[in-house]
Amino acid sequence: MADPRIIDVELDERTILWRSADIEQERRIAIFDLIEGNHFAPQKVHADGYAGPYRLALSVEEGRLALAIRREDGAPLETHILAMGRFRRPIRDYFAICDSYFQAIRQSTPQQIETVDMARRAIHNEAAELLKERLEGKIEIDFDTARRLFTLICVLHIKG
């Protein structure tokens, strides 16, 4: 019986050089929300018919994103490698707008915060669509799963 969802997410801590309390909170929320509700269906058919649930490990290797997918028991299934070139700008833009958002929360009016948050969501949504597009034919994901995965990809790219 198919159970196309992620039940565990692991980030390669060697990749993450530094993260602020705000970013750590974003990471925790993204993982919690991802585990609570996601659609994640690798398109490769396995000989034994295994179709989830999955454990996912994310890492960056030589500038590429690696998505290592394992069975519920931890046995390896498959790994997908994505070139990160098309994600560089969305990641950079997302970091910049997040900085503005976190500053706005501390010192701006509710209206100013809402404006920055709308811009942040727009960048996040565009990046989620890009991720869905890049995974097409490899892994089927829904929009909310793509958004949360993009947040985690950003965490992997923090350089301090």
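Assess whether PRO53 counts as being over 18 Å from ASP142 (Cα atoms) and either at pLDDT 90 or above or exposed (fewer than 13 other Cβ atoms within 10 Å of the Cβ) (or both).
In short, no.
A quick yes/no check of all residues on (1) in contact with a helix residue (DSSP H, G or I) (Cβ under 6 Å, 6 or more places away or on another chain); (2) within 22 Å of LEU82 (Cα to Cα):
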{"residue": "GLN25", "(1), (2)": "no, no"}
{"residue": "ILE31", "(1), (2)": "no, yes"}
{"residue": "LEU34", "(1), (2)": "yes, yes"}
{"residue": "HIS39", "(1), (2)": "yes, yes"}
{"residue": "VAL45", "(1), (2)": "no, yes"}
{"residue": "GLY49", "(1), (2)": "no, no"}
{"residue": "ALA57", "(1), (2)": "no, yes"}
{"residue": "GLU61", "(1), (2)": "no, yes"}
{"residue": "ILE69", "(1), (2)": "no, yes"}
Considering each residue of region 21-50, count those that are over 21 Å from LYS138 (Cβ atoms) and in contact with a strand residue (DSSP E or B) (Cβ under 6 Å, 6 or more places away or on another chain), and give that number. 1
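Please verify whether ASP22 is at pLDDT below 90 and open to solvent by less than 90 Å² (accessible area, probe 1.4 Å), treating the condition exactly as stated.
Numbers: at pLDDT below 90: yes; open to solvent by less than 90 Å² (accessible area, probe 1.4 Å): yes.
Spelling it out, ASP22 is indeed at pLDDT below 90 and open to solvent by less than 90 Å² (accessible area, probe 1.4 Å).
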Need the failing condition index for ILE16 against (1) more than 16 Å from GLY74 (Cα to Cα); (2) at pLDDT 90 or above, just the number. (2)
For region 82-109, which positions are surrounded by 13 or more Cβ atoms within 10 Å (Cβ to Cβ) and in a strand (DSSP E or B)? LEU82
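The values are calculated or read from the model by the stated rules, or taken from the named source; none is laboratory data. Because the structure is a prediction, the values reported are computed rather than measured. We place every Cβ from the backbone using ideal geometry, glycine too, and count neighbours over all the protein chains shown. SASA here: full protein model, heavy atoms, side chains in, ligands and nucleic acids out. Shrake-Rupley method; radii C 1.70, N 1.55, O 1.52, S 1.80 Å.
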